[in-house]
Amino acid sequence: MKKITKAVFPVAGMGTRFLPATKVSPKEMLPIVDKPLIQYAVEEAIAAGITELIFITGRTKRSITDHFDKAYELESQLERNGELEKLEIVRNIIPDGVSCIFIRQAEPLGLGHAVLCAKPVIGDQPFVVLLPDDLIDDGNHGVTKQLVDIFQQKGKSIIAVEHVIKEDVSKYGIVDVSATKDKSLTEVTGIFEKPKSGESSSTLAVIGRYIFTSRIFDCLEKTSIGVGNEIQLTDAIRILLDKESIYAYEFEGTRYDCGSKFGYMQASIQYALKDPDIKEEFFEYIKGLKI
């Protein structure tokens, strides 16, 4: 079984739901308390044993590259000021032994195309895809670690899923699954991108964590332009399903949809209530609010 060491972060989207905040600053750099969204995803990947981080970026995403680069001036100033704790925080954003690769997605052709951009550096290796919009708190090592552990047993592509209310099915990729005794891990029998009423009876929505074998790249190259005039990852997964088994995994943890304003605010409040520096003061503030 090949060990998974590579993760792809598609971060080239425009983030228009957060305008004007995202006019010049990527939505992936929006902070949850004191860390940008992208850093939470990176830390989750590293906790799962990932050592090669592949960012698929766009023209306006320079700040993501800068965030994971060495900041000589800042480090020198912190060192001169004796602010050693802050210095360690800055230096450990990317730990030793972990490397970053940045690939420009020249055209906004969708999530499927963004993943395909990583083919030259993935080669024939299995890999993880993480969408930073989905912030998932499992109180432990993270959802990516859960998926990697399952891959080591099954050796097949895996999609993270969770049930959504029936009214929201048309907002997601939706999977049909086989009947099994293990309700958390099932084989995918069909997948639909934002299905209309009647196309699928399932409420299992695809969430932004995947493990793929390298065969997904052949499928992406055969995928035509789909919903939204983009190359949809969902359509490539449907092609892959004809070639090999794919598993759907109902992960452990709480997901916050930080691609929406409401989900972003939910995450901000929940993480503030866990932050050791401010949780008590923040809790008292929340209790005292007059609504």
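The values are calculated or read from the model by the stated rules, or taken from the named source; none is laboratory data. Keep in mind it's a predicted model, so treat the numbers as computed, not measured. When we count neighbours, we look across all protein chains shown, and the Cβ atoms used for this are built from the backbone with ideal geometry, even at glycine.
For ALA12, all conditions in the list (1) surrounded by 17 or more Cβ atoms within 10 Å (Cβ to Cβ); (2) not in a loop (DSSP other than H, G, I, E, B) hold save one; what is the number of the exception?
Every condition holds for ALA12 apart from (2).
Return the only residue of ILE46, ILE54 being of a type outside the set (D, E, K, R), modelled with pLDDT of 95 or more and touching a strand residue (DSSP E or B) at 6+ places or on another chain (Cβ under 6 Å).
Details: ILE46 fails: touching a strand residue (DSSP E or B) at 6+ places or on another chain (Cβ under 6 Å).
Just a single option satisfies the conditions, and that option is ILE54.
Scan the stretch 254-269 residue by residue and report those that are under 25 Å from ASN140 (Cα atoms) and surrounded by fewer than 16 Cβ atoms within 10 Å (Cβ to Cβ).
THR254, SER260, PHE262, MET265, ILE269 - these are the residues of the stretch 254-269 that are under 25 Å from ASN140 (Cα atoms) and surrounded by fewer than 16 Cβ atoms within 10 Å (Cβ to Cβ).
What are the residues in the stretch 228-275 that are closer than 16 Å to GLY173 by Cα and β-branched (Val, Ile, Thr), if any?
Once the filter is applied, which keeps residues that are closer than 16 Å to GLY173 by Cα and β-branched (Val, Ile, Thr), the stretch 228-275 yields ILE231, THR234, ILE237, ILE239, ILE246.
When the residues of the stretch 19-37 are filtered to those that are charged (D, E, K, R) and either assigned to a helix (DSSP H, G or I) or touching a strand residue (DSSP E or B) at 6+ places or on another chain (Cβ under 8 Å) (or both), which remaining residue is surrounded by the fewest Cβ atoms within 10 Å (Cβ to Cβ)? Full working, then the answer.
From the stretch 19-37, those charged (D, E, K, R) are 23, 27-28, 34-35; that's our starting set.
Next cut, either assigned to a helix (DSSP H, G or I) or touching a strand residue (DSSP E or B) at 6+ places or on another chain (Cβ under 8 Å) (or both) only: 27-28.
Numbers: LYS27: 23, GLU28: 28.
Only one residue tops the list, namely LYS27.
Could you check the stretch 108-125 and list, in sequence order, the residues that are under 16 Å from ALA236 (Cα atoms) and either touching a Pro at 6+ places or on another chain (Cβ under 7 Å) or not basic (Lys, Arg) (or both)? Break it down into steps so the answer makes sense when it comes.
To start, the set of residues in the stretch 108-125 that are under 16 Å from ALA236 (Cα atoms) comprises 109-119.
Across the stretch 108-125, the qualifying residues are LEU109, GLY110, LEU111, GLY112, HIS113, ALA114, VAL115, LEU116, CYS117, ALA118.
If you go through the stretch 219-239 one residue at a time, do you hit one that is out of contact with any strand residue (DSSP E or B) (no Cβ under 7 Å at 6 or more places or on another chain), modelled with pLDDT of 90 or more, loosely packed, with under 14 Cβ neighbours inside 10 Å and closer than 25 Å to THR5 by Cβ?
Yes, that holds for at least one residue.
Among (1) over 13 Å from the mean Cα position of the chain (by Cα); (2) under 22 Å from ASP96 (Cα atoms); (3) among the charged types (D, E, K, R), which single condition is GLU44 missing?
Failed condition: (1).
Answer yes or no as to whether PHE68 is modelled with pLDDT under 95 and not acidic (Asp, Glu). Please lay out each step first, then the result.
Details: modelled with pLDDT under 95: yes; not acidic (Asp, Glu): yes.
The answer is yes for PHE68.
For the stretch 194-291, give me every one of the strands (runs of 3 or more DSSP E) that falls completely inside it and has 1 or more residues that are at negative phi, polar (S, T, N, Q) and in contact with an Asp or Glu (Cβ under 9 Å, 6 or more places away or on another chain).
Working: elements: 204-212, 246-250, 254-257.
Counting at least 1 such residues, we get 254-257.
Among the candidates ALA205, ALA236, ALA248, which residue alone is farther than 28 Å from PRO36 by Cβ and in contact with a Gly (Cβ under 8 Å, 6 or more places away or on another chain)?
Criteria check complete, one pass: ALA236.
Please enumerate the residues belonging to the stretch 38-78 that are over 25 Å from LEU19 (Cβ atoms), part of a helix (DSSP H, G or I) and among the acidic types (Asp, Glu).
Residues satisfying the conditions are GLU43, GLU44, GLU73, GLU75.
Limited to the stretch 244-291, what total is found for residues that are over 20 Å from VAL161 (Cβ atoms) and charged (D, E, K, R)?
Going through the stretch 244-291 one residue at a time, the tally reaches 10.
Go through the stretch 188-200 and count every residue that is buried (at least 17 other Cβ atoms within 10 Å of the Cβ) and touching a residue at least 40 places away in the same chain (Cβ under 8 Å).
Of the residues in the stretch 188-200, 4 are buried (at least 17 other Cβ atoms within 10 Å of the Cβ) and touching a residue at least 40 places away in the same chain (Cβ under 8 Å).
Could you look through the stretch 130-181, keep only residues that are among the β-branched types (Val, Ile, Thr) and in a helix (DSSP H, G or I), and pick out the one that is surrounded by the fewest Cβ atoms within 10 Å (Cβ to Cβ)? Write out each step before concluding.
Quick first cut of the stretch 130-181, residues among the β-branched types (Val, Ile, Thr) only: 136, 143-144, 148, 150, 158-159, 161, 164-165, 169, 174-175, 177, 180.
Cutting the leftovers down to in a helix (DSSP H, G or I) gives us 143-144, 148, 150, 169.
Numbers: VAL143: 24, THR144: 29, VAL148: 24, ILE150: 18, VAL169: 22.
By that ranking, first place goes to ILE150.
Is one or more of the residues making up the stretch 201-224 free of Cβ contacts under 8 Å to residues at least 40 places away in the same chain and within 14 Å of LEU109 (Cα to Cα)?
The answer is yes; a qualifying residue exists.
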